[in-house]
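Since the structure comes first, as structure tokens, the remarks are kept for the end.
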Amino acid sequence: MDSTKNSVSVKLLNSNPVTIKNPSGKITLYAVAANIADVPATIIAEKSFKQSELPFEIKLDLPKNHYKLIKPAVNETDPIKYYVALEWDSNGDGTVGKGDVRIDFNKKFPTVSLGNNNEVFVLQAD
């Protein structure tokens, strides 16, 4: 792993128009050892945002030596899989769920690469 890559940029894209009533949301970056199955991922970084339209890009800064946070333990040479999750009550009804913007897993799993520009597709869930 290249420890000089200390951030990840994610662009949230949508295929269909969405309505955003509540601009406050949160994106979370997870990491997990790529060579171990059935283990929970570790939260590496979180960032709150305020956005009233899509698409938009958000940058997550990583803690120094973030691989030391990953459980079960990994070392710098182990392959690591990174992905993002989105928590956004975009319709402003007080709960995250029906009618909110969320990741479109049918288009692509939200795997991301460090130091790169990444695209994650979202939709307004029914």
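The values are calculated or read from the model by the stated rules, or taken from the named source; none is laboratory data. Keep in mind it's a predicted model, so treat the numbers as computed, not measured. Because the Cβ atoms are built from the backbone with ideal geometry, glycine has one as well, and the counts that use them run over all protein chains shown. SASA here: full protein model, heavy atoms, side chains in, ligands and nucleic acids out. Shrake-Rupley method; radii C 1.70, N 1.55, O 1.52, S 1.80 Å.
Residues in region 56-78 that are within 26 Å of Ser15 (Cβ to Cβ) and open to solvent by less than 70 Å² (accessible area, probe 1.4 Å): Phe56, Ile58, Leu60. For region 85-126, a residue qualifies if it is farther than 16 Å from Ile20 by Cβ, touching a strand residue (DSSP E or B) at 6+ places or on another chain (Cβ under 8 Å) and polar (S, T, N, Q), and the qualifying residues are Thr111, Ser113, Asn116, Asn117, Asn118.
One residue stands out among those in region 18-47 that are under 18 Å from the mean Cα position of the chain (by Cα), of a type outside the set (A, V, I, L, M) and not in a strand (DSSP E or B): the one that is surrounded by the fewest Cβ atoms within 10 Å (Cβ to Cβ), which is Pro40.
Taken together, Ile36, Ile43, Ile20 contain a single residue that is in contact with a Leu (Cβ under 8 Å, 6 or more places away or on another chain) and free of Cβ contacts under 8 Å to residues at least 40 places away in the same chain, which is Ile43. Scanning region 93-126 for residues that are open to solvent by less than 50 Å² (accessible area, probe 1.4 Å), out of contact with any Asp or Glu (no Cβ under 8 Å at 6 or more places or on another chain) and small (Gly, Ala, Ser) returns a single hit, Gly97. Those strands (runs of 3 or more DSSP E) of region 48-114 in which at least 1 residues are touching a residue at least 60 places away in the same chain (Cβ under 8 Å) and not charged (D, E, K, R), considering only elements entirely within it, cover 80-88, 101-103. Select from region 79-92 the residues that are modelled with pLDDT of 95 or more and aliphatic (A, V, I, L, M) and write down the one among them that is least open to solvent (accessible area, probe 1.4 Å). Filtering first and then ranking leaves Val84.
The residues of region 79-101 that are within 11 Å of the chain's Cα centre (by Cα) and closer than 14 Å to Asn14 by Cβ amount to a single one, Leu86. There is at least one residue in region 30-45 that is modelled with pLDDT of 90 or more and closer than 17 Å to Arg102 by Cβ.
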